[in-house]
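Reviewing the structure listed below.
Computed from the coordinates by the stated procedures, all read-outs in this text should not be read as laboratory data. Everything numeric in this text was worked out from a predicted model, so none of it was measured. Neighbour counts run over all protein chains shown; Cβ positions are idealised from the backbone, glycine included.
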Amino acid sequence: MSRTPMQSFNLLLMTIGIAMAILIAVTLIILIWIGLDDFGETGARLVGSASVLLAAVFLNWGVNSILGRSIGQLFPTICYAVTMLCIYGGFILSLLAIWGGSDGDFMIKAILTLVVLFVASLIALVVSAVVQSSRKPPLTD
């Protein structure tokens, strides 16, 4: 049985998500045993980075499941591209914010802009999927 590229990508996302969940769990267990003072700022940033990656993976996975069968059509493909750009842009901006790479005011505005674009494109994607599914003729025996 061969996989479609979307199924292979979802499998990769699942693998990354499981790895990040394990990493976060192990890190938090270590944090419980050694205490926050010995954990340090770098450890907290690593947990934050892994958490942001885990959130990006789950968002990506959710969008892929919503998109489903409509990847071949123009409008859903554009919405999908916008949502992916927002997810990965938010991931990069979040990492920059965690590791102290930029101005706070710019980060807040950039992340909020990405959130607005993400929500708008996700709503458009869902509406497009609903309209497409309502156009299909009912199954007959």
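Structure summary
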| quantity | calculated |
| --- | --- |
| Estimated D of segment 40-90 in µm² per second, where Rh is the Kirkwood radius over Cα pairs and Stokes-Einstein applies at 10 °C, 1.306 mPa s | 130 µm²/s |
| Relative contact order [Cα under 8 Å, 6+ residues apart], the chain, whole percent | 25 percent |
| Segment 5-135, dipole about Cα centre (Lys/Arg Cβ +1, Asp/Glu Cβ -1), debye to the nearest 20 | 660 debye |
| Net lengthening on full extension, Lys109/Ala25 (0.36 nm per residue, minus Cα-Cα) | 27.1 nm |
| For Leu46, Leu11, order by how many other beta-carbon atoms lie within 10 Å, fewest first | Leu11, Leu46 |
| Convex hull volume per residue in cubic angstrom - Cα atoms of segment 5-135 | 107 Å³ |
| The chain: calculated mean residue ellipticity at 222 nm from DSSP helix runs of at least 4, using -39500 (n - 2.57) | -30500 deg cm²/dmol |
